[in-house]
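Take a look at the structure below.
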Amino acid sequence: MPLLTRTLVLPALLCGLLACTAAAAALGVPAARAHARARSDALLTSRELWATIDVCSPRDQPNTIGLRGSMPGDAKPRDRMYMSFHLEYRNHTSGHWATLATGRVVFVYVGSGASARQGGRSFQLRPAAGQPAFTLRGVVEFQWRRGRRVISSATRVTAAGHKSLAGADPAGYSAATCVIA
């Protein structure tokens, strides 16, 4: 590139950058914070952010429900991604979903922020004899962390139509709810 062109392009780029920064500052949002918010919004609206039931009491795993989650990476290898898995049951009387106590909440490390990751957990249930069947769904909480600080988080309930990379029984199984008798 000729020196004259470089001399004209560089000031134009700097003016453009300063204009963007000034516009963000005029709105009361520092440029770095606006960029971080846009990156967080991209994570939360990604098609790679989902939860599904990939095991629902198959013959070889009776009374077992498996949850699987997928989360996009933020393209920052130093950031770490975590998931936590919970069950809810549909209350027959009210029709509302209620949390099924399955122990303390534990976030499981699923990988660096460099790329999308999947993780899962199975729950072995012991239904009481003579009780009616109950309908379950899963809830997956997602966290992106930088050091000890949570930089973004999301929660998704299970939905059908997702592809588990591992653990689905039968292969390809994906559901929003599971009935355990």
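The values are calculated or read from the model by the stated rules, or taken from the named source; none is laboratory data. Keep in mind that this is a model prediction, so the values were computed, not measured. Reconstructed Cβ throughout: ideal geometry from the backbone, glycine too, with neighbour counts over all protein chains shown.
Of note:
- Residues located in segment 127-181, provided they are part of a strand (DSSP E or B) and of a type in the set (Phe, Trp, Tyr): PHE134, PHE142, TRP144
- In segment 148-177, the residue that is farthest from ARG39 (Cα to Cα) out of those that are hydrophobic (A, V, I, L, M, F, W, C) and either outside the structural domain of LEU87 (by TED's automatic domain parsing) or without any contact (Cβ under 8 Å) to a residue 40 or more places away in the chain (or both) is ALA171.
- Answer residue from segment 71-111, given it is farther than 29 Å from ARG126 by Cβ and crowded, with 20+ Cβ neighbours inside 10 Å and is nearest to the chain's Cα centre (by Cα) among those: MET71
- Residues considered: GLY130, GLY167, GLY147, GLY138. Of these, the only one that is more than 15 Å from the chain's Cα centre (by Cα) and surrounded by 17 or more Cβ atoms within 10 Å (Cβ to Cβ) is GLY167.
- Just one of the listed residues (ILE65, ILE53) is of a type in the set (A, V, I, L, M, F, W, C), in contact with a Gly (Cβ under 7 Å, 6 or more places away or on another chain) and either under 16 Å from ALA168 (Cα atoms) or without any contact (Cβ under 8 Å) to a residue 40 or more places away in the chain (or both), namely ILE53.
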